[in-house]
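Read-outs: derived from the displayed coordinates by stated rules, not from any lab. Because the structure is predicted, anything quoted here is derived from the model rather than measured. Cβ sites come from the backbone with ideal geometry, for glycine too, and all protein chains shown count toward neighbours.
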Amino acid sequence: MDLTKEDSLSLEPLDKILTSMPNAGFGELIPILQKIQVAYGYLPPSVMMAASSRTGIAASRIYGVATFYEQFYLEPHGRHTIKCCRGTACHVKGGRDIIRAIRRILRVQEGETTEDMEFTFETVACLGACALAPVMVVDGVYYGKMTSRKVNFVLDSVGTGGKETA
Ligand code: FES
């Protein structure tokens, strides 16, 4: 990622964040980045550069933290995050069919966001719920013993508050 990249984002949200955290330094960097992400939806390069100049924290240190933690997004991210497991337990129980169904329904590949910015689709090595294989997670909610047919139901339920259980 090019930290010098210019964009036209307003720095007003950043200034509000930093005003609410006077004298913030490296020790407060994670909460600063969390607030920036809430305000902008991700961590735009120009905002990280501005945060560096306003706080005195080196841009390289900000970038290092932003890339270390999975919670931070360096690209625009969808309103909903779908994580699908590609681990062994899920794979042998049909996990590839779930991944294919998500790709087909949303018309995205792993790591991509739908054009309407509703969904970002990610795959992970293991979601830590192998007994429920195959597993997908939407906005932190686990859906186990998935089938490709259930993918439609789960995606439809997002935004309506509906939750399907295993
Ligand atoms: S392998 Fe899929 S949850 Fe562990």
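Excluding same-chain pairs closer than 8 in sequence, count the lysine pairs in the chain whose Cα atoms lie under 17 Å apart.
9
How big is the dipole moment of the chain about its Cα centre under a simple scheme where the beta carbon of each Lys and Arg is +1, that of each Asp and Glu is -1, and everything else is neutral? Debye, nearest 20, please.
740
Arranged by the count of other C-beta atoms within 10 angstrom, fewest first, what order do R107, R54 take? Show your work: numbers first, answer last.
Values: R107 11, R54 16.
In order of increasing Cβ crowding within 10 Å: R107, R54.
With 10 angstrom as the radius, rank E122, E115 by how many other C-beta atoms surround their C-beta, starting from the fewest.
On the way: E122 15, E115 10.
Final ranking by Cβ density, sparse to dense: E115, E122.
When F119, F26, F72 are ordered from fewest to most other Cβ atoms inside 10 Å of their Cβ, what list results?
By the 10 Å Cβ count, ascending, the order reads F26, F72, F119.
So what's the angle, to the nearest 10 degrees on a 0 to 90 scale, between helix 29-40 and the longest Cα principal axis of the chain?
70
How high is the relative contact order of the chain, in percent, counting Cα pairs under 8 Å that sit 6 or more residues apart?
18 percent.
Taking a point 7 angstrom from the Cα of R100 along the C-beta vector, which residues in the range 108-132 have backbone N less than 17 Å away?
Taking a point 7 Å out along Cα→Cβ of R100, the residues of the range 108-132 whose backbone N falls under 17 Å are 108-110.
Could you derive backbone 3J(HN,Hα) for the range 69-75 from the dihedral phi with the Karplus parameters 6.51, -1.76 and 1.60 (θ = phi - 60°), listing whole Hz in sequence and x where the residue is Gly or Pro?
Result, rounded to whole Hz: 8, 5, 5, 9, 10, 9, 10.
At 222 nm, what value in deg cm²/dmol follows for the chain if DSSP H runs of at least 4 each add -39500 (n - 2.57) and the sum is divided by all its residues, to the nearest 500?
Roughly -12000 deg cm²/dmol at 222 nm, from the helical runs in the chain.
By how many degrees, between 0 and 90 and to the nearest 10, does the Cα long axis of helix 45-55 differ from the longest principal axis of the chain?
Roughly 40 degrees, rounded to the nearest 10.
Output needed: Cys residues of the chain lacking any neighbouring Cys C-beta below 4.7 Å, sorted by number.
Unpaired cysteines in the chain: C84, C126, C130.
Tell me whether the chain comes out rounded, prolate or oblate; compute the Cα gyration tensor, take square roots of the eigenvalues as a ≥ b ≥ c, and use a/c under 1.5 as the rounded threshold. Provide the component values of the computation, followed by the final result.
Values: a/c = 2.50, a/b = 2.25, b/c = 1.11.
Verdict is prolate for the chain.
On a 0 to 90 degree scale, rounded to 10, what angle separates helix 59-68 from the longest Cα axis of the chain?
The two axes meet at around 20 degrees.
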